[in-house]
Amino acid sequence: MKTLTLPGTDIVAPNIVLGLMRIAEKSDDEIRELVSSARDAGINFFDHADVYGTDLHECERRFAEALHLTPSERDEITIQTKAGIVKEGPYFDFSYDHIIESVEGSLTALDTDHIDILLLHRPDALVEPEEVARAFDELEAAGKVLHFGVSNHTPRQIDLLRTSVHQPIVANQLQLSITHEPIIAQGLAANMVAEPQSVTLDGGGIVDYCRLNEITIQAWSPFQAGFFTGIFLGSPDYPELNAAIDRMAEQHDVPPMAIATAWITRHPAHMQVVLGTTNPQRVADAAQGSDLMLTRAEWYELYRTSGHLVP
């Protein structure tokens, strides 16, 4: 498993992360098997959110109940969680009160005295950076949160937070897969009239912005065809792409899922891939792409066969 030291932290993290948004209905044994398969593959970084599950903090609580981590076992892993979504609205809330309340709930549910990384979960149009900074300062001073980041934020939204927030923004969790890659595709077709791929939707090149500012991109839904539209692997909607993936998988002697993972980890931005599966075998399959270095020709072939333009 390939690892990296997350800029702005002392965390040595794998480039594959296990997301736990779907474990609410799993038994303790199933959760332990899932986490064990991840650990066996070298994954010791686990991604949560307060809203994962039917009830607030449910998946966090199920994780803690199933594992019963000892202090030494807790020190061996990185726990990341998120705050900011209010499902009952639905709406977003980056107020001081909501962030503090969410973190306290996560600490209790996870049965831990600290969260390694807290992400603001999607942008809040009503964000007041001073409120976020006040919450972050208090949580850091109390040792309850060690590092901070965001998810689905544009460059300007991060810059706005930075007008008040003192801590480094260490991560930005963004949707990215071979077939859902506007954050990459727009840069390859910039300034091309009438080419939809050239339209900038993120406020100015979020991938390059994160590289320039040492913010680790965490790619969520790495196998989704679009915005929650099913996976592209094996889909009849992507025959040319899957033929290329299958051929490369055979050449490299890895499962097709490893090729899809490697397409993301090949990028020099040193991204992390966030797996959302609850299938232990799929975790093991995807993990095989961690240190698989696709060639430029292979990377661009997957990009082209996914339906994107290389000018």
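Coordinate-derived values only; no laboratory data. Predicted, not measured: the structure shown is a model, and the values here were computed from it. So basically every Cβ, Gly included, is an ideal-geometry build from the backbone, and we count neighbours across all protein chains shown.
Fully extending the segment from HIS166 to ASP237 would add 21.0 nm, taking 0.36 nm per residue of separation and subtracting the current Cα-Cα distance. Exposure proxy ranking for VAL12, VAL145, VAL273, based on other Cβ atoms within 10 angstrom of each Cβ and starting from the fewest, stands as VAL12, VAL145, VAL273.
Each of ILE79, LEU69, ILE100 was placed along the dipole of the range 3-305 (beta-carbon charges, centred on the mean Cα), and the one lying farthest toward the positive end is ILE79. Within the listed set ASN242, ASN15, ASN213, the Gaussian network model of the chain (springs between alpha-carbon atoms below 10 Å) gives the highest mean-square fluctuation for ASN213.
Estimated from the Cβ-Cβ distance and a Förster radius of 45 angstrom, the FRET efficiency linking ASP10 and ALA125 is about 0.85.
Taking 7 Å steps out from each Cα toward its Cβ at GLU138 and GLU73 produces label points 3.3 nm apart. Using a Gaussian network model of the chain in which every pair of alpha carbons under 10 angstrom is joined by a spring, one finds that among ASP75, ASP50, ASP137 the greatest mean-square fluctuation is at ASP75.
Computed over the chain with a Gaussian network model linking Cα atoms closer than 10 Å, the most mobile of PRO222, PRO280, PRO14 is PRO280. Amide H to amide H distances under 5 Å link GLN218 with ASN172, GLN173, LEU174, GLN272, where only residues 5 or more positions off or on other chains count and H is placed in the peptide plane.
For Rg and Dmax of the Cα atoms in Å, several values are listed as (1) 24.2, 82; (2) 19.1, 58; (3) 31.8, 103; flag the one computed from this structure. Computing Rg and Dmax of the Cα atoms in Å and matching it to (1) 24.2, 82; (2) 19.1, 58; (3) 31.8, 103 gives (2). Each label was represented as a point 7 Å from its Cα along the Cα-to-Cβ direction; for ASP253 and THR3 these points are 2.6 nm apart.
Fully extending the segment from ASP291 to LEU212, taken as 0.36 nm per residue of separation minus the present Cα-Cα distance, adds 26.1 nm. DSSP beta bridges confined to the chain are antiparallel in about 20 percent of cases. The distance separating the Cα centre of the range 96-143 from that of the range 295-311 comes to 40 Å.
Modelled spin-label separation between GLN281 and ARG304, with each label point placed 7 Å from Cα along the Cα-to-Cβ direction: 3.4 nm.
Once R0 is set to 22 Å, what does the formula 1/(1 + (r/R0)^6) return for the Cβ-Cβ distance between ASP55 and GLU101, expressed as a FRET efficiency to the nearest 0.05?
Efficiency computed from Cβ-Cβ geometry: 0.90.
By the count of other C-beta atoms within 10 Å, a proxy for reagent exposure, ILE183, ILE77 are ordered fewest to most as ILE77, ILE183.
So, R0 is 25 Å and r is the distance between the beta-carbons of ASP113 and ARG156; what FRET efficiency does that work out to, to 0.05?
The pair ASP113/ARG156 has a calculated efficiency of 0.10.
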